[in-house]
Amino acid sequence: MKDFSNWTPLGCGAVAMGLAETTPGNVPGYPEDLVARTEYRDLGIESLFFAWEIARLLGPGPSQKEQRALMILVLATMAASAGGSTRLPFKTGTHLERALDELQTSPEERTAIDKLLGQAQNICSGSTDSALAAVFGGPGDYRPLIIDHDCLYIQKLHVLEARVGSILRRRIGDLPGSQTTPTGEKLDPAVKSALAEVFDSPPVEIYGRVELDADQKEAVRTALSGRIAIISGRPGSGKTSIVASLLRVLARTGEPALESIALAAPTGKAADRMRQSIANHLAAIPAPARADRRLAEACPPSSTLHRLLSFLPGTERFRHNEHNLLSEQLVIVDESSMIDLAMMDSLLRALHPEARIIFLGDSDQLPSIEAGAVMRDLCQSRTANKYGRVVVLKKNYRAREEDSSGKSILDVAAAINDGITPTTADSGKAPALKNQVPELAFKGVEQLQPGDENQRFTFLAAWRKRLRSSLPDLENRLRREYIADPSGFDEQTAADIRLIIAHYERFRILCITRISAGGTGTEPVNAWFHRSWFDEFRQTARTPENSYYLVGEPVLVTRNDYTLRLYNGDSGLVLLVSTADGARRRPAEPMAVFPRGGGFVAFPLEALRGRLDLAWATTVHKAQGSEYENVAIMLPETHVRPLTRELLYTAITRAKKSVVIVGAAEVLETGVKRTMERASGLADLLR
């Protein structure tokens with residue numbers, strides 16, 4: 001009897017490795033020579049197995065050359081997806097050619113791939129029939145690869161993109177005459193009255209009255225009409241002021257009720273910052289009305305998108321979907337540029353058809369890590385702009401132009417965003433060049449040119465010294481024991497912890513990659529800080545010898561833990577904590593302390609093993625949604641794929657007071673010239 005066990009994925013794996021007793025005749029030879037090419041494109045070995053499985057669907061007819069061409073084509077499509085694209089255009093001079101270059105395909109292989117694509121297009125048009133019909137299909141077909149508009153899709157991404165586009169089109173085009181016109185001019189009289197009252201009573205801060213500008217007011221009006229609004233602005237452009245003003249209006253009209261409004265963001269840190277910024281805005285109102293006081297007491301909670309949709313661990317699904325809709329009538333999402341296509345699909349399907357959603361973000365920032373660039377596509381949508389659903393904020397309030405350092409950050413970031421390299425930028429729009437660490441002023445944007453091989457370590461030592469010296473009595477604060485009872489830290493202890501964590505949050509080193517990159521990735525930089533911190537503080541801070549993180553070290557959560565309510569991206573600090581239960585008090589031990597609500601929570605390090613990373617340095621992607629006073633950007637020794645204009649712009653705009661770019665001028669120039677190209681069909685669907 002024929003052995004069919006090899007037809008399972010595991011069986012095929014055994015065949016590939018030569019471990020199976022029998023080899024089905026239609027199984028293509030395993031392309032071991034493609035392993036290195038796959039790894040070069042940051043694809044795991046599982047991607048090669050997947051491509052090999054797809055080639056197996058062709059059956060015994062096609063030649064090995066055709067099977068190999070299909071495997072390379074599948075790998076190219078998966079590489080595009082891993083790079084954030086939802087599809088792989090295959091016209092001459094487009095993404096396919098670049099993908100094949102990176103996969104180091106030979107001229108013979110390219111000829112076979114071109115022939116394969118031609119046959120696949122004929123199949124999709126119904127003009128021919130062949131074994132390729134088991135692999136290729138058109139829109140609506142259930143095949144591994146979908147061809148649509150001269151682009152190649154993985155079937156799942158094609159379905160997601162089409163579904164998200166359909167939902168967004170319906171929301172953008174739904175403009176009931178009782179609420180608004182395409183220009184957003186017609187509003188209910190009660191809403192107009194509430195708007196006038198809110199606009200006339202802005203908060204007052206150190207620079208005076210924080211009045212909304214014309215673009216911000218337009219954004220608030222747009223958010224009050226229709227079922228969707230997209231508000232894009234650079235960091236510090238006042239997006240949170242828009243949200244707070246919108247909530248103040250709704251607190252006055254009562255439609256929808258505050259209890260049916262949700263605030264959300266892709267990360268816990270961004271969600272917490274959104275909540276705190278709204279609270280600060282409300283607290284700065286000099287003569288709050290009754291509606292403002294009620295809003296301050298019952299402000300809608302902020303959460304991650306995963307928590308909003310009730311993620312089910314172990315299932316990769318959400319409790320809320322089209323069959324179990326969210327009860328909220330209004331959802332406001334901050335840092336929307338970080339939302340990938342799959343998350344956007346889950347969110348839109350879970351919304352009630354009559355609910356409204358507002359997206360805030362910066363379309364110029366890095367898009368999501370996973371496939372998709374939804375915020376960018378929405379801002380570029382002809383339909384969304386035609387119906388007045390998109391508002392772009394132009395003024396920056398974070399780094400005020402009255403401050404020379406803030407103006408430097410604004411000007412350099414704007415130049416980089418426009419693709420202007422430092423060597424061609426006008427005066428004031430390029431980093432100030434420094435050759436030695438002592439020359440650094442830590443104001444505005446500076447670039448430290450690489451000197452001898454110890455220059456980088458000299459800078460890291462100077463950065464550590466600034467962090468230590470900028471908070472008086474830091475060593476004593478780290479030596480101290482912080483006592484927590486079952487209900488948490490008392491008010492005074494929480495205030496002391498808040499001071500030291502806020503100090504650490506003023507400084508952050510941003511890296512392009514995690515891996516070495518010539519010693520400039522987060523792993524080697526964090527390792528340097530860990531060694532130096534151990535040498536200096538292990539005795540004074542009483543850190544146990546067997547502790548793998550030291551007291552006074554910043555840490556970052558790398559994996560969601562729904563039981564402990566810790567989420568990827570949450571940042572904290574290791575402190576000595578003693579827990580008390582009544583009269584019983586346990587010995588102090590290093591614990592990771594994290595902000596939660598208005599207070600803090602502490603967890604033993606052992607309880608978080610495998611979920612924490614050091615956070616002296618983080619990648620730019622991890623820092624997205626955060627802001628710091630002082631930022632250092634570690635450039636790699638040579639150009640690497642992630643270094644793009646969008647990444648540099650995002651990194652620089654994390655800072656409020658100073659940026660130091662550590663690296664060679666030619667590496668920075670190359671990064672500014674290179675843009676992050678993501679192929680997406682969503683913008684086409686929204687035309």
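Things to note:
- Any hit, the stretch 489-507, residues being open to solvent by less than 30 Å² (accessible area, probe 1.4 Å) and closer than 29 Å to Arg645 by Cβ: yes
- Residue, modelled with the lowest pLDDT, within the stretch 629-669, restricted to residues that are open to solvent by 10 Å² or more (accessible area, probe 1.4 Å) and within 26 Å of Thr77 (Cα to Cα): His639
- When the strands (runs of 3 or more DSSP E) confined to the stretch 551-606 are screened for residues that are under 25 Å from Ser532 (Cβ atoms) and more than 20 Å from the chain's Cα centre (by Cα), those reaching at least 3 such residues are found at 571-581, 589-596.
- Residue within the stretch 328-349 that is over 21 Å from Met274 (Cα atoms), part of a loop (DSSP other than H, G, I, E, B) and not hydrophobic (A, V, I, L, M, F, W, C) present: no
Residues are listed down the side, and each one gets a yes or a no for (1) out of contact with any Phe, Trp or Tyr (no Cβ under 8 Å at 6 or more places or on another chain); (2) part of a helix (DSSP H, G or I); (3) closer than 27 Å to Arg498 by Cα:
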residue	(1), (2), (3)
Gln216	yes, yes, no
Thr222	yes, yes, no
Ser225	yes, no, no
Ser232	yes, no, no
Gly236	no, no, yes
Ala251	yes, yes, no
Ala270	yes, yes, yes
Asn280	yes, yes, yes
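- Of residues in the stretch 125-159 being within 14 Å of Leu58 (Cα to Cα) and open to solvent by 70 Å² or more (accessible area, probe 1.4 Å), the one modelled with the highest pLDDT: Arg143
- Scanning the stretch 91-124 for residues that are open to solvent by less than 60 Å² (accessible area, probe 1.4 Å), in a helix (DSSP H, G or I) and either β-branched (Val, Ile, Thr) or touching a residue at least 60 places away in the same chain (Cβ under 8 Å) (or both) gives His95, Glu102, Ile113, Ile123.
- Taken over the stretch 637-687, the criterion of being hydroxyl-bearing (Ser, Thr, Tyr) and more than 19 Å from the chain's Cα centre (by Cα) is satisfied by Thr638, Ser658, Thr670.
- Going through (1) part of a loop (DSSP other than H, G, I, E, B); (2) open to solvent by 60 Å² or more (accessible area, probe 1.4 Å); (3) out of contact with any Lys or Arg (no Cβ under 9 Å at 6 or more places or on another chain); (4) more than 26 Å from Gly598 (Cα to Cα) one by one, Ala287 falls short only on (4).
Per-residue answers, yes or no, for (1) at positive phi; (2) assigned to a helix (DSSP H, G or I); (3) open to solvent by less than 70 Å² (accessible area, probe 1.4 Å); (4) at pLDDT 85 or above:
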| position | (1), (2), (3), (4) |
| --- | --- |
| Asp426 | no, no, no, no |
| Leu433 | no, no, no, yes |
| Phe442 | yes, no, yes, yes |
| Phe459 | no, yes, yes, yes |
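The values are calculated or read from the model by the stated rules, or taken from the named source; none is laboratory data. Model, not experiment: these values are computed from the prediction. Virtual Cβ from ideal backbone geometry, glycine too; neighbours counted across all protein chains shown. For the accessible areas, the whole protein counts, side chains as well, though only heavy atoms, and no ligand, DNA or RNA atoms are used. Shrake-Rupley method; radii C 1.70, N 1.55, O 1.52, S 1.80 Å.
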